[in-house]
Amino acid sequence: MATDKALADEMISTIRSWVDREVIPNAGEFEQEDKFPQAMFDQMCEFGLFGATIPEEYGGLGLDITTYTRIIEELSRGFMSLAGILNTHKIGVSMIYRYGTEEQKQRFLPRMVDGSFRASFSLSEPDAGSDTGALRCKAEQDGDEWVINGTKMWVTNGIRSSLVMLLARTPDDRITCFLVEKEPGEKFEGITASKKISKLGYRGLETVEMSYVDHRVPDTNVLGGEEGLGNGRKYALSALELGRINVASRAVGVAQAAFDAAMAYAQERETFGQPIFKHQAIQFKLAEMATKLQAARLMTYDAAARADAGERVDMEAGMAKLFASETAYEIATDALRIHGGNGYTTEYPVERYFRDAPLMIIGEGTSEIQKMVIARKLLDRYSVE
């Protein structure tokens, strides 16, 4: 069901005002110190964003995907890491809502929608990346429990999360998703955040390697119950399909911030007695930036609208993610060039956009993976057989 337009516009307007007032002036401090933005997180909880797309019967806001996409765009315009804090949780919430048993929904969702019981998503491994076929993390059944052993990489929110959506391989070679409950912290009964990963950008929230040594998970925490055994790959890929729309919206937000910064600077900075915007070379560059930004936004909104309509959007989501992420990097680079030497300093935010933008090219599948997904769907849709 589509969200009422007036309600959606009012929520976006509220978040946009908050981003302008509280996030943009303070983002640099948290980013440079790599410090978790607790006050911003608390405000996001008050907005109800951690249950944005979950129906009201479980305590959520019941927003559609298009409205959520616009929310991610606004958050990323202010501080892209905020979208990471939210979106990783969103993957977990959505997986439980779509594939969990009714008991699992009742047990987890009401605690998750207010942000107090946060989720992280754990697929990637040191040697496998996001290739589910090469996962080595193992889960062996022992009575009414599963014993988990293995190492996972690139776990966003890994330390602060209370629930990990963990993909592991069972002895019969089936990939299954386990709902791993834990206390927030670096160590918890067989789970250790074995390494904090220092990053070029995307700072202010933790990304960690997590190790599991004989950690026990009750049989009731297999996502989907008995039917969920062996369906972990299906559940994960479905989550990533929507996740790619969200990464595309992050890219649009960062691209918008970089464009805004470039436009403002071009009108303030003078050379040869006039603002550099008066120079045709700068005008043409900004015109190209604005055009690509608008195209990326429309592609992202189109994928979200199709998802709201119940369509399969693996190709459209891949296209949006591919184009928007590459566009964000191009616009961030051009914004830095327009700033000249000032763009290379931490006094201006464009250097942060330049460091954040590459994540969208890599996250939720690289551009090369998106091209593979798109090509396969093209063959399905346009086969001559």
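The values are calculated or read from the model by the stated rules, or taken from the named source; none is laboratory data. Not measured: the values here are computed from a predicted model. Ideal geometry is used to build each Cβ from the backbone, glycine not excepted, and the neighbour counts take in all protein chains shown. Just the protein is used for accessible areas: all its heavy atoms, side chains included, with ligands, DNA and RNA removed. Shrake-Rupley method; radii C 1.70, N 1.55, O 1.52, S 1.80 Å.
Is there a residue being among the small types (G, A, S), open to solvent by 10 Å² or more (accessible area, probe 1.4 Å) and assigned to a strand (DSSP E or B) anywhere in region 225-235? Within region 225-235 (the criterion being among the small types (G, A, S), open to solvent by 10 Å² or more (accessible area, probe 1.4 Å) and assigned to a strand (DSSP E or B)), the answer is no, since none of the residues qualifies.
Within the bounds of region 284-297, is there any residue that is aromatic (F, W, Y) and in contact with a helix residue (DSSP H, G or I) (Cβ under 9 Å, 6 or more places away or on another chain)? No - not one qualifying residue is present in region 284-297. Per this entry, G363 is counted among residues that are open to solvent by less than 70 Å² (accessible area, probe 1.4 Å), out of contact with any Asp or Glu (no Cβ under 8 Å at 6 or more places or on another chain) and not acidic (D, E). Listed by first and then second residue, the pairs linking a residue in region 173-187 that is without any contact (Cβ under 8 Å) to a residue 24 or more places away in the chain to a residue that is surrounded by fewer than 19 Cβ atoms within 10 Å (Cβ to Cβ), with Cβ atoms under 7 Å apart and 6 or more places separating them unless they lie on different chains, are K182/F188.
Let's see how each residue does on (1) charged (D, E, K, R); (2) crowded, with 18+ Cβ neighbours inside 10 Å; (3) under 19 Å from H89 (Cα atoms); (4) in contact with a Phe, Trp or Tyr (Cβ under 9 Å, 6 or more places away or on another chain):
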residue: F108; (1), (2), (3), (4): no, yes, yes, yes
residue: C137; (1), (2), (3), (4): no, yes, no, yes
residue: W146; (1), (2), (3), (4): no, yes, no, yes
residue: I159; (1), (2), (3), (4): no, yes, yes, no
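Out of all the residues in region 69-84, is one or more in contact with a strand residue (DSSP E or B) (Cβ under 8 Å, 6 or more places away or on another chain) and assigned to a helix (DSSP H, G or I)? So far as region 69-84 goes, yes, one or more of its residues are in contact with a strand residue (DSSP E or B) (Cβ under 8 Å, 6 or more places away or on another chain) and assigned to a helix (DSSP H, G or I).
Listed by first and then second residue, the pairs with beta-carbon distance under 6 Å, at least 6 apart or on different chains, first residue in region 268-297 and over 23 Å from A251 (Cβ atoms), second open to solvent by 70 Å² or more (accessible area, probe 1.4 Å) and assigned to a helix (DSSP H, G or I), are P275/Q267; F277/Q267. Within region 133-145, which residues are within 26 Å of T207 (Cβ to Cβ) and either at pLDDT 95 or above or acidic (D, E) (or both)? The answer is C137, K138, A139. For region 103-134, filtering for residues that are of a type in the set (S, T, Y) and over 20 Å from V208 (Cβ atoms) leaves 2. Here the condition is being modelled with pLDDT of 95 or more, under 30 Å from E125 (Cα atoms) and open to solvent by 50 Å² or more (accessible area, probe 1.4 Å); of M299, M319, it holds for M319 alone. So for region 332-348 (the condition being within 27 Å of the chain's Cα centre (by Cα), closer than 28 Å to L63 by Cβ and modelled with pLDDT of 95 or more), does at least one residue qualify? No, the conditions are met nowhere in region 332-348. Looking across region 3-50, the residues that are within 17 Å of R352 (Cα to Cα), hydrophobic (A, V, I, L, M, F, W, C) and part of a helix (DSSP H, G or I) come down to V19, V23, A27, F30. Somewhere in region 63-82, is a residue small (G, A, S) and either in contact with a Pro (Cβ under 7 Å, 6 or more places away or on another chain) or open to solvent by 10 Å² or more (accessible area, probe 1.4 Å) (or both)? There is no residue in region 63-82 that is small (G, A, S) and either in contact with a Pro (Cβ under 7 Å, 6 or more places away or on another chain) or open to solvent by 10 Å² or more (accessible area, probe 1.4 Å) (or both).
Evaluated against (1) in contact with a helix residue (DSSP H, G or I) (Cβ under 6 Å, 6 or more places away or on another chain); (2) assigned to a helix (DSSP H, G or I); (3) open to solvent by 20 Å² or more (accessible area, probe 1.4 Å), L200 falls short on exactly one condition, (2).
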